[in-house]
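Chemist: Quick one: structure below, then a few questions.
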Amino acid sequence: MGHEVLIAGGGIAGLATALSLHDEGIDVAVRESVPEIQPLGVGINLLPHAIRELDALGVLDKLESVGIASTTLAYFSARGQLIWEEPRGRAAGYQWPQLSLHRGTLQMVLHHTAIERLGADRVVPGRHLTAIDHHDNGATAHFECRDGSGDTESVDAGIVVAADGIHSTVRQQRFPHEGMPLWNGALLWRGAVEYDPILEGRTMVWAGHPDQKFVAYPIRDLDNGKQLVNFIAEYRTDDRELLEREDWNRAGNLDDFAPRFDDWVFDWLDIPKLLRAAPGTFLFPMVDRDPLDRWTEGRVTLIGDAAHPMYPIGSNGASQGILDARVLTGCIRSHRNDPDRALAIYEAHRRPATSAIVLANRGLGPEMPMRLVHERAPGGFDHIDDVISPGEILDVTDGYRRTAGFALEALSSGVSLVDDDYAEMPQ
Ligand SMILES: Cc1cc2nc3c(=O)[nH]c(=O)nc-3n(C[C@H](O)[C@H](O)[C@H](O)COP(=O)(O)OP(=O)(O)OC[C@H]3O[C@@H](n4cnc5c(N)ncnc54)[C@H](O)[C@@H]3O)c2cc1C
């Protein structure tokens with residue numbers, strides 16, 4: 001007898017799905033490739049609509065205690081001149097914060113909560129999905145045991161959810177000719193450094209333009225008055241020498257990028273100094289994949305980065321995976337006796353919504369004003385209003401909020417996504 005739902009991949013989206021289904025009394029199990037779950041990655045940002053769902057799952061207090069509620073997003077030029085700032089999270093009137101935290105901490109909180117609630121026998125590490133067979137009542141997922149035994153395991157389920165990330169095995173099996181993720185020419189060096197608070201210590205800072213950019217935001221307050229500051233140093237290049245298969249754990253080399261930021265010394269932040277204080281960096285290319293025409297085949301569907309990997313612009317990577325998890329749960333709950341319909345309605349809600357974000361991020365998403373300022377005033381400006389108007393900036397940022405689903409009015413009802421109406425296909 002198999003599980004009602006089996007999830008392949010115990011990352012952010014997979015664990016959020018497991019917790020959500022379990023909360024609704026649905027029989028669910030997870031298989032994760034890595035044998036030992038470790039708090040990997042650097043900073044990650046969660047938007048208020050995703051936080052609302054984590055609140056409904058009962059993990060918000062814990063996450064707030066290990067992260068930082070960002071209150072402001074500020075754009076600066078490559079010369080460090082302020083272009084725009086806007087309130088974020090509760091400061092912007094949302095009932096939920098926008099949370100910045102270490103990706104590894106987020107994963108560990110979800111992982112431990114899943115073990116506590118589902119039991120360790122339901123959240124099994126060291127199982128790497130290799131293939132899926134479809135049958136009339138569900139699917140069988142085949143795993144290689146990565147515990148050194150050389151064994152294999154096959155698990156039957158009514159529904160299999162592929163939450164196996166940007167290099168999804170299920171996606172690759174389904175679309176064998178898709179190839180590698182698509183690179184837009186930008187390379188990102190990401191790191192976390194113990195540093196003095198930047199500005200007032202709650203602001204997310206974006207400086208520069210699409211060809212060269214620096215992002216920083218604090219992800220934890222430290223006892224010594226300093227903060228753990230997440231940063232991303234990014235530049236665009238034709239040089240493919242540093243390009244390799246995307247790997248979240250690939251170490252970066254300071255000499256490959258820091259010299260490009262040597263003159264980014266502002267009166268509010270000395271970027272070269274911050275970069276040289278970092279214990280290390282990870283190098284990741286700016287990649288995504290084209291939106292798919294279908295996510296679901298038989299009783300197998302995709303979720304999170306397996307379904308819609310997107311450029312890490314606008315804080316949507318993890319947030320959208322969490323929203324997928326919640327909508328999928330609502331659909332399965334509404335159609336316990338008709339999994340095919342549950343998956344069809346899930347896909348009809350989430351595939352168009354996330355495809356639009358993938359495409360919006362290709363068009364620079366909320367970063368467009370930084371590009372416009374760079375093009376119009378490359379040598380700096382006396383007054384920002386001479387270069388770009390608040391209305392022009394708001395057109396971009398409000399439009400992006402609507403596309404990504406976190407416009408303030410969209411969240412005013414306070415109802416979790418699981419409780420939306422999934423009886424019928426959306427119009
Ligand atoms: C190690 C790591 C570090 C990351 N660091 C950052 C970061 O610093 N900042 C950031 O913004 N984003 C980071 N991300 C990406 C971010 O977590 C995702 O973009 C987002 O959270 C969506 O989550 P996801 O669950 O869809 O994908 P992921 O978080 O990538 O999770 C996918 C999970 O599936 C597992 N998996 C992969 N293949 C298989 C298989 N065949 N069988 C079973 N399990 C499999 C992976 O081990 C992983 O746990 C990182 C991802 C990983 C895996």
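The values are calculated or read from the model by the stated rules, or taken from the named source; none is laboratory data. Remember, predicted model here, so these are calculated numbers, not experimental data. All Cβ positions, even for glycine, are placed from backbone atoms using ideal geometry, and neighbour counts span all protein chains on display. Surface areas here come from the heavy atoms of the whole protein model, side chains and all, with no ligands, DNA or RNA. Shrake-Rupley method; radii C 1.70, N 1.55, O 1.52, S 1.80 Å.
Chemist: Assuming R0 = 35 Å, what is the FRET efficiency of Glu392 and Ala277, from their Cβ-Cβ distance, to the nearest 0.05?
Modeler: 0.45
Chemist: Another one. Once Lys and Arg get +1 and Asp and Glu get -1 on their Cβ, which of Gln38, Ala8, Ser70 lies farthest toward the positive end of the dipole of region 8-78?
Modeler: Positive-end residue among those listed: Ser70.
Chemist: Taking the Cα-to-Cβ direction at Glu116 and at Asp421 and moving 7 Å from each Cα, how far apart do the two end points lie in nm?
Modeler: The modelled label-to-label distance comes out at 3.6 nm.
Chemist: How large is the Kirkwood hydrodynamic radius of the chain, in angstrom, based on all distinct alpha carbon pairs?
Modeler: Evaluated on the chain, it is 22.2 Å.
Chemist: Residue-wise, which Karplus ³J(HN,Hα) couplings in Hz belong to region 293-310, taking 6.51 cos²θ - 1.76 cosθ + 1.60, θ = phi - 60°, and x for glycine or proline?
Modeler: With the stated coefficients, region 293-310 comes to 7, 8, 9, 9, 10, x, 9, 10, 9, 10, 8, x, 5, 5, 8, 8, x, 9 Hz.
Chemist: Based on Cα positions only, what radius of gyration and what Dmax would you give for region 109-233, in angstroms?
Modeler: Using the Cα atoms of region 109-233, the pair Rg, Dmax is 21.2, 59 Å.
Chemist: Amide H neighbours of Ile83 under 5 Å, at least 5 residues apart or on other chains, H built in the peptide plane: list them.
Modeler: Correct list: Tyr75, Phe76, Ser77.
Chemist: Here's something else I'd like to know. Rounded to the nearest percent, how much of the accessible area of the chain (1.4 Å probe, protein heavy atoms only) is carbon and sulfur?
Modeler: Accessible surface attributable to carbon and sulfur in the chain totals 47 percent.
Chemist: Shifting gears a bit: In the chain, what percentage of the DSSP-assigned beta bridges are antiparallel, given to the nearest 5?
Modeler: Among the beta bridges of the chain, antiparallel pairing accounts for roughly 75 percent.
Chemist: Per 10 Å bin, what is the whole-percent P(r) computed from every C-alpha pair distance within region 150-304?
Modeler: Whole-percent P(r) values from 0 Å outward: 9, 31, 26, 20, 12, 2.
Chemist: Something else now. For the Cα atoms of the chain, what angle does the longest principal axis make with the long axis of helix 390-404, in degrees from 0 to 90, nearest 10?
Modeler: 10
Chemist: Please give the contour-minus-distance gain from Asp196 to Asp223: 0.36 nm per residue of separation, less the Cα-Cα distance, rounded to one decimal in nm.
Modeler: That works out to 8.5 nm of additional length.
Chemist: Another question, if that's okay. Using a ≥ b ≥ c from the Cα gyration tensor of region 1-117 (square roots of the eigenvalues), is it rounded, prolate or oblate, where a/c under 1.5 gives rounded and otherwise the larger of a/b and b/c decides, a/b for prolate?
Modeler: Because a/c hits 1.5 or more and a/b exceeds b/c, region 1-117 counts as prolate.
Chemist: Determine the distance separating the Cα centre of region 189-223 from the Cα centre of region 116-149; give it in Å without decimals.
Modeler: Cα centroid of region 189-223 versus Cα centroid of region 116-149: 38 Å apart.
Chemist: Next up: Any chance you could give the angle, 0 to 90 degrees and rounded to 10, that helix 317-334 forms with the longest Cα principal axis of the chain?
Modeler: Its long axis makes an angle of about 30 degrees.
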